[in-house]
Amino acid sequence: MKKKLLGAFLALTMVASMLVGCGAGGSNSNKVGVAMPTKDLQRWNQDGSNMEAKLKEAGYDVDLQYASNDIATQVSQIENMINSGCKVLVIASIDGDSLGTVLEQAKEKNVSVIAYDRLIMNSDAVSYYATFDNYMVGTKQGEYIRDQLDLDNAAGPFNIELVTGDPGDNNARFFFGGAMDVLQPYIDAGKLVVKSGQTEFDQVATANWATENAQSRMDAIISANYADGTKLDAVLCSNDSTALGVANSLEANYTGDWPIITGQDCDIANVKNMIAGKQSMSIFKDTRTLADQTVKMVDAIMKGTEAPVNDTKTYDNGTGIIPSYLCEPVFADVNNYKTLLIDSGYYKAEDLQ
């Protein structure tokens, strides 16, 4: 009798387990995979932690993974997320062209994909794109240089060098394109001079957005063009890791007045440089805002409705326009960083000391 009861209990337990696993309230049906590129840059740690917190707050199970800037690792992580039952994937890709094969698996299993901050290219498995207005990031950087040098009124010429990001990151082209649409007319008119002659995207790109790569390139530029005391007036840097490399190089090799240096992400080291007068500005992209918006998109997908978007024209990933939500960036400099970064709770005052 005891054996029969035990057998019946085990059978009921198995059935219940299967129902929980398959039903609408099961763990797999509530699971979201978040794939971040690396922990090496401060901003991705903030993006990942904000995303995880917001999704958990909304009631979802979260599988958050960082790939150490290794494409094969990210592919493997995404494959594991798909196989473990994630229903939505939020992916900040290392290389926008590298995920086509693994995302075919997502499509076959009806897993929705949100490209996060970086557009995933050449895959029709991408459902949505959540990012900041990347072209606007570049235009704000270009406008800052224009306004600080007073290019519309000053005689010039002024010397400028250009530094952008990783060629595998589609965003880098938007950042650089936005900035150059502002600056190119002044270059064409001779009011801005790029003494290195390096003005094409492929010439000014920085592999992996790496600080050491930007520093090494700037070392060579200074040695060849500014070692004789020629003044460098501005350096367009598309983000903070490249701006940090430029600042390190200038500190070691340049003896003139400090140039205008742009950046993006408001990393702690760069805000400290901004306070010290070594970096002029950084685009502030509040990752809390982007995390909030992405959670709304995930929630809509999970509930079977259309995710909120505000752009259906701009971002073509090679298979068609990807419906996107673009958050608006702002710039921080020494005049407003306290309001944007400390008063808002993004950083504590002691973080920047």
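Observations
- Charge dipole of the chain about the Cα centre (unit charges at C-beta), most positive-ward option of Leu250, Gln198, Gly304: Gly304
- Shown for Tyr129, Tyr347, Tyr315: other C-beta atoms within 10 Å of each C-beta, ranked fewest to most, produce the order Tyr347, Tyr315, Tyr129.
- Residues of type lysines that Lys338 reaches as a straight line, Cα spacing below 19 Å, ignoring anything fewer than 8 places off in the same chain: Lys272, Lys278, Lys285, Lys348
- Secondary-structure-derived ellipticity at 222 nm for the chain, considering helices only, amounts to -13500 deg cm²/dmol, per-run term -39500 (n - 2.57) for DSSP H runs with n ≥ 4.
- Distant-in-sequence amide contacts of Asp311, defined by a placed amide H-H separation under 5 Å and a gap of 5 or more residues or a different chain, comprise Ser324, Leu326.
- Highest to lowest packing among 34-40, 95-101, scored as the average C-beta count within 10 Å: 34-40, 95-101
- Calculated from the alpha-carbon coordinates, the range 229-307 shows an Rg and a Dmax of 18.3, 63 Å respectively.
- Option label - mean projected area of the Cα convex hull in nm² computed here, alternatives (1) 17.3; (2) 27.8; (3) 21.2: (3)
- Beta-bridge orientation, the chain: approximately 15 percent antiparallel, per DSSP, counting only bridges with both partners inside.
- Under the shape rule built on the C-alpha gyration tensor, where the axes satisfy a ≥ b ≥ c, the range 293-332 is oblate, since a/c reaches at least 1.5 while a/b does not exceed b/c.
- In a reduced charge model with +1 at each Lys and Arg Cβ and -1 at each Asp and Glu Cβ, the chain shows a dipole moment near 1640 debye about its Cα centre.
- Rounded, prolate or oblate (a/c below 1.5 giving rounded, otherwise prolate when a/b exceeds b/c) for the range 134-285 by Cα gyration tensor: rounded
- Value in Å of the Kirkwood radius, where the range 193-240 supplies the Cα pairs that are averaged: 11.6
- Here the range 134-285 is treated with +1 on each Lys and Arg Cβ and -1 on each Asp and Glu Cβ, and its dipole about the Cα centre works out to around 140 debye.
- Where GluC sites (Glu not before Pro) fall in DSSP loop in the range 169-260, at most 11 other Cβ within 10 Å: Glu200
- Cα gyration tensor shape of the range 231-277, rounded if a/c is under 1.5, else prolate or oblate by comparing a/b with b/c: prolate
- The alpha-carbon of Lys303 sits under 26 angstrom from the alpha-carbons of these lysines, leaving out residues fewer than 8 places away in its chain: Lys31, Lys54, Lys56, Lys87, Lys107, Lys109, Lys313.
Just so you know, all these numbers are worked out from the coordinates, no wet-lab data involved. This one's a predicted model, so the numbers in the text were calculated from it and none came from an experiment. As a convention, Cβ positions derive from the backbone with ideal geometry for all residues, glycine included, and neighbour counts pool all protein chains shown.
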